[in-house]
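First the structure, in the form of structure tokens, and then the observations on it.
Every read-out reported here was derived from the displayed coordinates using simple, explicitly stated rules and does not represent laboratory data. These numbers come from a predicted model, not from an experiment. With ideal geometry, Cβ positions are generated from the backbone for all residues, glycine too; neighbour counts draw on all protein chains shown.
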Amino acid sequence: MPQSDRGRIELFSDFYTEDNIANTAETRSYGPFVVGGQGNAETDAGVPAIAGMVSGAARITTTNEDNHCTMVGTATGFSASLMGPIVLEARVQLDNLDTKEVFFGLSDIDPNTLNLEGTLIHGASTTITLTASDLCGFLLSAELTDDEDWHMVYNGGSTTGETDSTAIDADDDAVAGEWQVLRLEIDTNGTARWYIDGVLKQTKTGAVSTTTVMGVCLGVEAKGAAIENLDVDYLLVQANRDWTA
């Protein structure tokens, strides 16, 4: 197949722009990414810029309705075997750790229909419910017993997805008002690595299907009747181009 020197795909946003919170399109462009998630089309959900934030940042914002989700990411279009290694990295912080669920990673769910508990993943007590057949990333859930810790979740590869939250917690709590860098690396053979603030927290062989096409999601979902926020400083996605397509 014809090739050029554009063999490496890189999507990046420093969030100097914004998604108008009054924009009610179901899925809308945000630089190289899209804004999606069930409930994001309401007039009180979106990704407004944080005024006065040096280096640029935005606030992913839900409505005040249970299980409404707002996410920044991509349509499904990344294959581990054809495009690996795939790298996802984001610098995020939370204003509080209550009544919300957060996911950062890859899944086979289209952004038009994505919500966390309904279509992707949910954590409660010490159980992870893996609703999507294919996913890999970081989960934080206020309904888990370890409700402030990041959990390193996966499903769909040759290794069975773990549903016991105590087996996949990162022992690295989020702290309200403090930034953390989350990084996920996926190799062509489906092996995944999770990093927090540059420290390797887990390596899992066969965590990801080598054939399923997935999309990126950085999202927050309300677990009650309050508006929930996730601040993001930057979002980076890197992958190799599949020249056979």
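Here the gap between Ser133 and Ala226, fully extended at 0.36 nm per residue and compared with their Cα-Cα distance, gives a gain of 30.5 nm. Looking at (1) 167; (2) 147; (3) 113, which value of volume of the Cα convex hull per residue in Å³ comes from a calculation on the structure shown? The listed entry that was calculated here is (3). Counting only residues at least eight positions apart within a chain, or on another chain, the lysines with an alpha carbon under 23 Å from that of Lys223 are Lys100. Model label sites at Asp14 and Ala49, defined 7 Å from Cα along the beta-carbon direction, differ in position by 1.2 nm.
Residues Trp150, Trp194, Trp179, arranged from fewest to most other Cβ atoms within 10 angstrom of their Cβ, appear as Trp179, Trp150, Trp194. Extension gain, Thr244-Val199: 0.36 nm per intervening residue step, less the Cα-Cα distance, totals 12.7 nm. Backbone phi angles across region 189-198, fed through the Karplus curve with coefficients 6.51, -1.76 and 1.60 (θ = phi - 60°), yield HN-Hα couplings of 8, x, 6, 10, 10, 10, 10, 10, 6, x Hz in residue order; Gly and Pro are listed as x. The ranking of Leu94, Leu218 by Cβ neighbour count inside 10 Å, starting from the fewest, reads Leu94, Leu218.
From the alpha carbon centroid of region 1-69 to that of region 197-245 is 14 Å. Summarising the amide proton neighbourhood of Thr131: residues at separation of 5 or more, or on other chains, whose placed amide H is nearer than 5 Å comprise Ile121, His122.
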